[in-house]
Amino acid sequence: MQVADRLLRTPPYPFAELARLKAKAREEGADLIDFGIGDPDQPTPAHIVAALCEAARDPSTPQYDETGKGLPEFRRAVASWYRARFGVSLDPDREVLRLIGAKEGIAHLAWTVLNPGDVALIPDPGYPVYKVASMFAGGELHFMPLPQADGYLPDLQAIPPQALGRARLIYLCYPNMPTGAVAGVDFYRRLVEFAAGRNLLVCLDMAYSELYYDGHQPQSLLQVEGAKEVAIEIHSLSKTYNMTGWRIGFAVGNAEALNALEKLKSNVDSGAFMAIQRAAVAALTGPQDGPEKVRAIYQRRRDLLVDGLARIGWRIPKPKATCYVWAPVPRGYSSAALAEALLREAGVLVTPGSAYGEHGEGYVRFSLTVQGGRPEERIVEAVARIKEKVKLG
Ligand SMILES: Cc1ncc(COP(=O)(O)O)c(C=O)c1O
């Protein structure tokens, strides 16, 4: 058979490659401490699981969800969560769209907005899906570096006019994966001003909006006046409620963009299981002590890891948000060389920063979702193994 050129030009999804390396090391008998993929190791809160079970028993839920935008009660729950969390009012009928996870919406958005030859502005380092989806849609890519010195915010004024003139879509992600940075309303004001009048849609990926520490509670771009004219935000229940496998998320904001995305989606997917949408209503409208617990767990792990590594001479800034630690590599290593040394010498699996773009070189990413049980003990053990086995310069 023929494999399409667009796929041949696409690098393997970084986590698929990691999964392969991991399987190989395990086959060889290694006891891996896995800081690779960001996938919560805690259970989904019981009341959400109970809502799913109850909804799954309801004979009306197994059919197609023909609503297009998602169940009305799901969209109303999103709107009321948004009002309570960000003080932003949304029209559940026009300004909320159900997604089969944030990744799905992010990927399909590029097909919705870009014509071949249009430019997509992509943060570097960034979630690989922005780049690959834009390429699939025939877009050209312009990467915006996120310098550590600028708080991992892009310099919008540095985008060259030849890219900016053809730019139709800008992806951004705050709280930022992989760096753990947050953006403030000042930046969002500049962003809205920048996009206004340019026929440029802003897509802010907020998959990590509820994982924040030390009072750095993220704000919404939609809090800025005029934002709904130019922007959508994409959310996920995956990390907030330990629901990665459930595949449920939502997009909010500019009604025209959401309408177009709904049109595209109606041609390629047939909605999300209605019982999962009802369970998502229970998540969004029920007790919010789950996310609080999740934050406390990751904060403890973050401190164990970062303080532990500092004690052995590896100084890493503490992330303000997300479930990742973005660690500058010690002198003498590339990202890939350090990731390889950690895996080979210490059985510690991290993601090389270069998997997230050219500007991720010089970093490795630790996920605080530690796979395989006993996460805190494993973090302590990882620090001990690194101290003993890996030369940190
Ligand atoms: C930055 C970012 N956006 C979106 C997603 C996808 O989230 P979901 O599970 O809702 O598809 C991830 C998942 O790791 C992510 O890191």
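The values are calculated or read from the model by the stated rules, or taken from the named source; none is laboratory data. Treat the numbers as computed from the prediction; the structure is a model and nothing was measured. Ideal geometry is used to build each Cβ from the backbone, glycine not excepted, and the neighbour counts take in all protein chains shown. Accessible surface is based on the protein model in full, side chains and every heavy atom, while ligands, DNA and RNA are left aside. Shrake-Rupley method; radii C 1.70, N 1.55, O 1.52, S 1.80 Å.
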Inset, instruction - Just name the residue that is nearest to LEU121 (Cα to Cα) out of those in region 345-369 that are of a type in the set (D, E, K, R) and not in a strand (DSSP E or B). - result: GLU358
Inset, instruction - Can you confirm whether region 161-170 contains a residue that is within 16 Å of the ligand (Cβ to nearest atom) and either of a type outside the set (Gly, Ala, Ser) or more than 23 Å from GLU358 (Cβ to Cβ) (or both)? - result: yes
Legend entry - So ASP205, is it of a type in the set (D, E, K, R) and surrounded by fewer than 21 Cβ atoms within 10 Å (Cβ to Cβ): no
Inset, instruction - State all residues of region 186-197 that are open to solvent by 30 Å² or more (accessible area, probe 1.4 Å) and over 15 Å from ALA257 (Cα atoms); if no residue qualifies, say none. - result: ASP186, ARG189, ARG190, GLU193, GLY197
Inset, instruction - Look through region 260-278, keep the residues that are of a type outside the set (Lys, Arg) and closer than 24 Å to ARG85 by Cα, and return whichever of them is most open to solvent (accessible area, probe 1.4 Å). - result: ILE276
Legend entry - Extreme residue, most open to solvent (accessible area, probe 1.4 Å), among residues of region 226-259 that are part of a helix (DSSP H, G or I) and over 15 Å from PRO92 (Cα atoms): GLU229
Legend entry - Unique residue being open to solvent by less than 20 Å² (accessible area, probe 1.4 Å), at pLDDT 95 or above and over 20 Å from SER238 (Cβ atoms) when the list is LEU99, LEU90: LEU90
Inset, instruction - Determine if region 314-332 includes at least one residue that is part of a helix (DSSP H, G or I), under 24 Å from THR240 (Cα atoms) and open to solvent by less than 10 Å² (accessible area, probe 1.4 Å). - result: no
Inset, instruction - Could you tell me which numbered condition ARG295 fails, if it satisfies all but one of (1) closer than 30 Å to ILE122 by Cα; (2) open to solvent by 40 Å² or more (accessible area, probe 1.4 Å)? - result: (2)
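For (1) touching a helix residue (DSSP H, G or I) at 6+ places or on another chain (Cβ under 9 Å); (2) of a type in the set (A, V, I, L, M, F, W, C); (3) open to solvent by 30 Å² or more (accessible area, probe 1.4 Å); (4) not in a helix (DSSP H, G or I), each residue gets a yes or a no:
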| position | (1), (2), (3), (4) |
| --- | --- |
| TRP111 | yes, yes, yes, no |
| GLY117 | no, no, no, yes |
| LEU121 | yes, yes, no, yes |
| VAL129 | yes, yes, no, no |
| MET135 | yes, yes, yes, no |
Legend entry - Any chance ASP214 is in a loop (DSSP other than H, G, I, E, B), away from the ligand (no atom under 16 Å from the Cβ) and over 25 Å from ASN259 (Cα atoms): yes
Inset, instruction - Would you point out the residue of region 34-49, among those that are open to solvent by less than 60 Å² (accessible area, probe 1.4 Å) and over 17 Å from ALA327 (Cα atoms), that is nearest to the chain's Cα centre (by Cα)? - result: ASP39
Inset, instruction - Scan region 209-225 residue by residue and report those that are open to solvent by less than 70 Å² (accessible area, probe 1.4 Å) and among the charged types (D, E, K, R). - result: GLU210
Inset, instruction - Say whether the condition of being open to solvent by 30 Å² or more (accessible area, probe 1.4 Å) and touching a residue at least 60 places away in the same chain (Cβ under 8 Å) is met by at least one residue in region 305-312. - result: yes
